[in-house]
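The values are calculated or read from the model by the stated rules, or taken from the named source; none is laboratory data. All values reported here derive from a predicted model rather than from experimental measurement. Methodologically, a virtual Cβ is constructed for each residue, glycine included, from the backbone with ideal geometry; neighbour enumeration extends over all protein chains shown. For the accessible areas, the whole protein counts, side chains as well, though only heavy atoms, and no ligand, DNA or RNA atoms are used. Shrake-Rupley method; radii C 1.70, N 1.55, O 1.52, S 1.80 Å.
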Amino acid sequence: MSLLVVGLSHRSAPVSVLERASLAGETQAKLLQDALAAEPAAEATALATCNRIELYADVDKFHAGVAELSSLLAQHSGVGLDELTPYLYVHYEDRAVHHLFSVACGLDSMVVGEGQILGQIKDALARGQELHTAGRLLNDLFQQALRVGKRAHSETGIDRAGQSLVTFGLEQLAAGEDVAEWARGKRALVIGAGSMSSLAAATLARAGVAEIAVANRTRARADRLVEILGQPGGTGVAARAVEMAAVPDELTRADIVVSCTGATGLVLTAEVVAGALGLPHEPVREVSAGKTAPARNDGPVRLALLDLAMPRDIDGAAGHLDGVRLVDIESLAEASADAPMASDVDQVRTIVADEVAAFGAAQRAAHITPTVVALRAMAADVVAGEIARLDGRLPGLDTKQRAEITQTVRRVVDKLLHAPTVRVKQLASEPGGAGYADALRELFDLDPQTVAAVSRADLNDPNRGRS
């Protein structure tokens, strides 16, 4: 296994850099295709969320792989390599496995323990499968990461340690009040109809808002979300779909706005928000690149804005308007840094460590399996050849005698091979055991092409790597 991950996240980079380095769906596809075309990578897939961008690959050269993957991330994210490099982290082999398993369990999330990352990992695997850039290693890795994440949530109380980004964001908007008490009876506008926006709408409905308006670039998706919210046995909230062009008018009626779209530019400018509230808008003093002076809103909140998009949907200057409270990814990152850690986190870390060791052992054992299969195939050919030679020398053997001799010879060969093949699999599964496959091939003079053919047959098995 030569697994390499190069990436950046909310832990390594400021939000302003993450915002600029975000990858749209079509950009991710091109990134993966270019990664496979690069010499060091045999397979690749990307995990891109609102607070992380990571490129996973099976490489044959570490240093060349790091250089190539870093350059590709810079090229496709639009952030120069010199600027991006200080924020990149690199994990290799078992450390890369440990990283992904920790991510799957929510240990590396902005809100520790959140479960949304599992769906994003599943999407990353599906994208790699669809584009045929994920091979045996990444299929096995991401499948196991999903199982480890589910195990952590089912066997521990990690869910109590954290919550979804939506819930955490609403808690920040409520500023210490109970979210249900704070939201009850309010009118909400949800901009976007993807998975995060849908979760936001459902969360607001359960919290007791009076109505929800859904705006989306594609009206059909907004209609579908409204239909789901209004299904029998659901939340019972009054929901309606509106055109994106109607957002300024909807702002005049809304108390809460949640926005999470895939737009590359601002969806709500400070001018639009000010106009909806009947406020004059003046430019906010810039204090540093990409940042504005802290807001000074101590009065009553007329409009609460939650921006969960990356890059951001809502102009940061809107948070400086009188009566406006704005929570975005950057402020959530700052708030989550002080969030308490539950004791269950230690239990999850133990699960991750155990699963990393088991995955490494399984991968090392799988590495030697084609060699063992090739050895047994060679032994079977030797038996067949000797039986054929015996038939030529003793043509008078009847069927029963021939069958008994054949079975005896096979048993002898099987007994001779049993102990060494079992032992070599055990040794190969241990750290540093990768060389045993080479030793076995050398000792028995196995044809490398035969071993490679077994590996290809295993890789092309249609039942492998399906989520």
Which helices (runs of 4 or more DSSP H) does the stretch 142-246 wholly contain that include 3 or more residues that are of a type outside the set (A, V, I, L, M) and more than 29 Å from V345 (Cβ to Cβ)?
219-229
Quick test of your reading of the structure: G236 fulfils all but one of (1) on the phi > 0 side of the Ramachandran plot; (2) surrounded by 14 or more Cβ atoms within 10 Å (Cβ to Cβ). Name the failing condition by number.
(2)
Which is in a helix (DSSP H, G or I), more than 30 Å from G106 (Cβ to Cβ), at pLDDT below 85 and among the hydroxyl-bearing types (S, T, Y), of T371, T406?
T371
Can you give me the number of residues within the stretch 125-141 that are out of contact with any strand residue (DSSP E or B) (no Cβ under 6 Å at 6 or more places or on another chain) and either open to solvent by 10 Å² or more (accessible area, probe 1.4 Å) or assigned to a loop (DSSP other than H, G, I, E, B) (or both)?
9
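Residues are listed down the side, and each one gets a yes or a no for (1) at pLDDT below 95; (2) aliphatic (A, V, I, L, M):
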{"position": "G115", "(1), (2)": "yes, no"}
{"position": "V148", "(1), (2)": "no, yes"}
{"position": "G157", "(1), (2)": "yes, no"}
{"position": "T167", "(1), (2)": "yes, no"}
{"position": "L173", "(1), (2)": "yes, yes"}
{"position": "D178", "(1), (2)": "yes, no"}
I'd like to check something: does the stretch 41-50 contain any residue that is in contact (Cβ under 8 Å) with a residue 60 or more places away in the chain and part of a helix (DSSP H, G or I)?
no
The condition of being in a loop (DSSP other than H, G, I, E, B), surrounded by fewer than 21 Cβ atoms within 10 Å (Cβ to Cβ) and modelled with pLDDT of 90 or more holds, among D354, D322, D298, only for D322
Could you please find all residues in the stretch 439-457 being modelled with pLDDT under 70, surrounded by 12 or more Cβ atoms within 10 Å (Cβ to Cβ) and of a type outside the set (V, I, T)?
A452, A453, S455
